[in-house]
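Engineer: Sharing a structure below in structure tokens format, with a few things to ask.
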Amino acid sequence: MQVKELREELKEKIIEQLNLEELSVSDIKDDDALFGDGLCLDSIDALELIVMLDKDYGIQLTDPKEGQEVFKSITVLADYIAERTNK
Amino acid sequence: MDSKFNIQSYTHIRNGTISLNGNTLFESETEDFSTFIKEAYKSQHIEYPKFFKMDNLSKLAFIAADIILRNTSNSEENIAIILSNKASSLDTDRKHQESISDTDNYYPSPSIFVYTLPNICIGEICIRHQLFSENSFFIFDNFNPDCLWVQTEHLLKTKKANKALCGWVDFDDSNYDAFLYLVEDHGTFNHSIKNIKELYLCK
């Protein structure tokens with residue numbers, strides 16, 4: 001899978017799993033901040049993303065500091081997954 | 001037993017209908033709660049994206065509270081919240097149980113787990129309306145106006161709160177019933193156990 005496709009897949013998963021009902025894939029820009037002023041995700045959403053990484057991509061994130069960086073944006077998250085899964 | 005306090009307004013959410021003070025605000029023919037409550041949310045022009053992340057019990061309590069508090073609430077009014085139901089958070093508890101029952105596919109959802117307590121719905125109401133007041137959630141076999149009355153009278157008489165949002169919010173396996181009422185100094189009905197019973201039973 002190309003990184004571009006992975007980004008779109010992540011947007012779909014995030015909308016579905018985090019119940020962002022009022023958003024569509026096109027509303028999420030690749031470099032939008034996932035937390036803070038961007039999508040305004042909260043701490044429970046962060047935990048859901050950690051579960052999603054493990055369940056869907058087999059990546060276990062255990063370092064909170066690493067999480068802060070990995071969940072910066074769709075671009076960063078997709079690159080992180082691609083590096084570890086060769087997707 | 002009469003009181004110096006009064007029921008200012010009340011709301012029901014049951015059988016696909018939302019009413020305020022006996023007047024229908026919204027009706028839907030759908031029997032699916034998720035569809036119904038989403039339609040209700042949109043019909044009331046509420047803009048609160050976190051609504052979609054709540055469990056069914058919290059969605060039910062949130063909409064009922066919003067209908068009553070939309071014109072009255074702010075933290076300065078010190079509105080206590082006293083809610084009750086029969087099923088506690090059982091509906092969400094079951095969903096959590098399902099997510100941890102398979103040891104080979106063990107991925108409990110944090111966003112489901114946080115709703116495995118009934119009083120979380122009070123938290124959602126407090127966040128929405130910026131309330132930092134007294135609150136309680138009771139589990140009863142049936143609607144229990146006597147207990148709600150005693151608790152409400154105590155909080156208001158001792159001035160722990162200026163108003164109290166009270167009632168019943170029950171959700172289990174697609175069955176739902178909400179009846180909330182606001183008690184304060186002024187209102188149409190005296191805050192009596194008899195009146196609470198009658199308002200709960202009316203459509």
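Engineer: How long are the semi-axes of the equivalent ellipsoid of the stretch B:45-144, taking √(5λ) for every eigenvalue λ of the Cα gyration tensor, in whole Å from largest down? Could you put the intermediate results ahead of the total?
Structural biologist: Numbers: eigenvalues 152, 53, 23 Å².
Semi-axes from the Cα gyration tensor: 28, 16, 11 Å.
Engineer: Pick out, from B:Leu182, B:Met54, B:Ile120, the residue whose Cα sits farthest towards the positive end of the charge dipole of the stretch B:6-201, with +1 on the Cβ of Lys and Arg and -1 on the Cβ of Asp and Glu.
Structural biologist: So the residue furthest toward the plus end is B:Leu182.
Engineer: Once you order the gyration tensor axes a ≥ b ≥ c over the Cα atoms, which shape class does the protein assembly as shown get: rounded for a/c under 1.5, otherwise prolate or oblate by comparing a/b with b/c? Please list the in-between numbers first.
Structural biologist: Details: a/c = 2.33, a/b = 2.27, b/c = 1.03.
It comes out prolate by the Cα gyration axes.
Engineer: Still on this structure, please answer the following. In whole percent, how big is the carbon plus sulfur part of the accessible area of the stretch B:46-138, probe 1.4 Å, protein atoms only?
Structural biologist: Reported share for carbon and sulfur atoms: 49 percent.
Engineer: Give the percent of DSSP beta bridges with both residues in the protein assembly as shown that are antiparallel, rounded to the nearest 5. Please list the in-between numbers first.
Structural biologist: Details: 26 of 38 bridges.
That works out to approximately 70 percent antiparallel.
Engineer: So which trypsin sites (Lys or Arg not before Pro) in the stretch B:117-171 end up in coil per DSSP with only 13 or fewer other C-beta atoms within 10 Å? Please report the intermediate quantities before stating the final value.
Structural biologist: Numbers: sites: B:Arg128, B:Lys157, B:Lys159, B:Lys160, B:Lys163; in loops: B:Lys159, B:Lys160.
When the trypsin sites (Lys or Arg not before Pro) of the stretch B:117-171 are filtered for loop state and at most 13 Cβ neighbours within 10 Å, B:Lys159, B:Lys160 remain.
Engineer: Right, here's the next one. Rounded, prolate or oblate: which fits the stretch A:3-85, taking a ≥ b ≥ c as square roots of the Cα gyration tensor eigenvalues, rounded meaning a/c under 1.5, else prolate when a/b beats b/c?
Structural biologist: Details: a/c = 1.43, a/b = 1.20, b/c = 1.19.
Rounded, because the longest to shortest axis ratio a/c is under 1.5.
Engineer: Could you list the square roots of 5 times each eigenvalue of the Cα gyration tensor of chain B, that is, the equivalent ellipsoid semi-axes, sorted largest first and rounded to whole Å?
Structural biologist: Details: eigenvalues 163, 68, 52 Å².
Ellipsoid half-lengths, sorted descending, are 29, 18, 16 Å.
Engineer: Between B:Phe52 and A:Thr62, what is the label-to-label distance in nm when each label sits 7 Å out along the Cα-to-Cβ direction?
Structural biologist: Distance between the two pseudo-spin positions: 3.5 nm.
Engineer: Given B:Lys160/B:Lys194; B:Lys42/B:Lys163; A:Lys29/B:Lys42; B:Lys53/B:Lys95, which pairs have Cα atoms separated by over 22 Å? Could you put the intermediate results ahead of the total?
Structural biologist: Numbers: B:Lys160/B:Lys194 24 Å; B:Lys42/B:Lys163 28 Å; A:Lys29/B:Lys42 26 Å; B:Lys53/B:Lys95 14 Å.
Over 22 Å Cα-Cα: B:Lys160/B:Lys194; B:Lys42/B:Lys163; A:Lys29/B:Lys42.
Engineer: Between the alpha-carbon centers of the stretch B:1-42 and the stretch A:1-32, tell me the distance in whole angstrom.
Structural biologist: Using only Cα atoms, the two centres lie 35 Å from each other.
Engineer: While we're here: Got a number for the accessible area of B:Asp102? Probe 1.4 Å, square angstrom, nearest 10.
Structural biologist: Counting only protein heavy atoms, the figure is 70 Å².
Engineer: Let me ask another. Please report the antiparallel percentage of the DSSP beta bridges confined to the stretch B:6-201, to the nearest 5.
Structural biologist: On the way: 26 of 37 bridges.
Within the stretch B:6-201, antiparallel bridges account for around 70 percent of the total.
Engineer: How about the stretch B:96-159: which chymotrypsin sites (Phe, Trp or Tyr not before Pro) there lie in a loop by DSSP and see at most 15 other Cβ atoms within 10 Å? Please list the in-between numbers first.
Structural biologist: Details: sites: B:Tyr106, B:Phe113, B:Tyr115, B:Phe132, B:Phe137, B:Phe138, B:Phe140, B:Phe143, B:Trp149; in loops: B:Tyr106, B:Tyr115, B:Phe132, B:Phe140, B:Phe143.
Within the stretch B:96-159, the qualifying chymotrypsin sites (Phe, Trp or Tyr not before Pro) (loop, at most 15 other Cβ atoms within 10 Å) are B:Tyr106, B:Phe132, B:Phe140.
Engineer: Additional query: Scan chain B and hand back the longest stretch that contains none of the GluC sites (Glu not before Pro) lying in DSSP loops with at most 11 other Cβ atoms within 10 Å.
Structural biologist: Working: sites that count: B:Glu29, B:Glu31, B:Glu47.
That gives B:48-203 as the longest site-free run.
Engineer: Could you give me the ³J(HN,Hα) list for the stretch B:96-104, computed from phi with Karplus coefficients 6.51, -1.76, 1.60 and θ = phi - 60°, whole Hz, x at Gly and Pro?
Structural biologist: After applying 6.51 cos²θ - 1.76 cosθ + 1.60, I find 5, 4, 4, 6, 10, 7, 9, 5, 7 Hz.
The values are calculated or read from the model by the stated rules, or taken from the named source; none is laboratory data. If you're wondering where the values come from, they're calculated on a predicted model, not measured in any experiment. Methodologically, a virtual Cβ is constructed for each residue, glycine included, from the backbone with ideal geometry; neighbour enumeration extends over all protein chains shown. These area figures cover heavy atoms from the full protein model, side chains too; ligands, DNA and RNA do not enter into them. Shrake-Rupley method; radii C 1.70, N 1.55, O 1.52, S 1.80 Å.
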